């Protein structure tokens, strides 16, 4: 019922949005004498804020059309190279043919392949736009583009944590040997499990390195508000309170999902004052005519407020296995009835990255991967904690670009096998 009310509220706001848009156009009109007054600017700013807080945000675009390589601007082509029902694998193909220097072109063609595993936790893969952008100049970048469950027909079947692991293995096999895998936040346990399964099988497409960033490998360490909620409530509570049927007319109507708007509400509630202050600052920036600051605000919230639904089975299995029973940390994690042996990982280098201010994945949760993989040689392990970044800053923003990404780049190159 809550999902239906959510949809109804959007429909009910439509006439109000039309009315407010008309009012905004009236007071923005340069022929209106009030347009240049504080009153007029305040009304326009209020209309803008109203529009941004009531809009339905669709799936954003990556919008990465070119990249600078050694002083030359090279076009980037976004292409789908693998797909299944619940995911597409996107490749950001750099058009190296325009590089005039043949030696340089050959060198760039040997840049390491990186599979960037985007979190499947309510936001779209475009949340990692800044991650991709920073990696593109020196890497051949691929990213998982997870499908919004409300857009997948119920006749297309289910998708759980086992399928998630299978997808990662299939993508790595598609990309071939010497691929490096980066898992940001939620995918960490699945990426570690996929690596272990491939190692046990002696798979030639085993990732050369695995970078795990801000991830709940062992959610018992440094508990945060999200991990405490998952631990304190029984699984039945989540099933009865946050799992809902997708309403008509979405393609996935009647599919049982964890709605993205609930996840978004939870995240915003954790930092309610911060979000209120941000919109207040936007209001005053608009009155002052500070378009650049207002645009930065819009860019962030256009991404942050765009959310997707997760399948019931994936969400509940993740809650149970990762946040309640800590199966990976306790050595009892299974994949289709087979116990995953992290000790099988011997040839994949491991880098963990954490943020000192992370209020979602606390300090030590990601680091735990090192103790759980005892057979990786010490010279193939690295751990880095940036003291000044929160969860988002681990993979995006200025400190990611200046401090964290160079370490990831150097680690990947150090353990590249080609």
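Computed from the coordinates by the stated procedures, all read-outs in this text should not be read as laboratory data. All values reported here derive from a predicted model rather than from experimental measurement. Note: ideal-geometry Cβ built from the backbone for every residue, glycine included; neighbour counts use all protein chains shown.
Tabulated results
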{"read-out": "Cα-based shape type of the stretch 57-208, given that a ≥ b ≥ c are square roots of the gyration tensor eigenvalues and the cut on a/c is 1.5", "value": "oblate"}
{"read-out": "Ranked packing of 170-182, 403-415, 227-239, 118-130, most packed first, by mean Cβ within 10 Å", "value": "118-130, 170-182, 403-415, 227-239"}
{"read-out": "Rounded, prolate or oblate (a/c below 1.5 giving rounded, otherwise prolate when a/b exceeds b/c) for the stretch 118-277 by Cα gyration tensor", "value": "prolate"}
{"read-out": "Inter-label distance for residue 100 and residue 201, nm, one decimal - labels placed 7 Å from Cα along Cα-to-Cβ", "value": "4.8 nm"}
{"read-out": "Between the stretch 298-370 and the stretch 143-185, the alpha-carbon center distance in angstrom", "value": "14 Å"}
{"read-out": "Mean Cα-pair separation over length for the stretch 65-131, i.e. relative contact order, pairs under 8 Å, 6 or more apart, %", "value": "19 percent"}
{"read-out": "Net length gained if the chain between residue 170 and residue 93 were fully extended (0.36 nm per residue, minus Cα distance)", "value": "25.7 nm"}
{"read-out": "Simple label model, 7 Å out from Cα along Cβ direction - residue 154 to residue 83, nm", "value": "2.5 nm"}
{"read-out": "Inter-label distance, nm, simple model (7 Å from Cα along the C-beta direction), residue 228/residue 341", "value": "3.9 nm"}
{"read-out": "Difference of contour (0.36 nm per residue) and Cα-Cα distance, residue 37 to residue 220", "value": "60.3 nm"}
{"read-out": "The stretch 112-178: C-alpha gyration tensor shape, a/c 1.5 cut-off, then a/b vs b/c", "value": "oblate"}
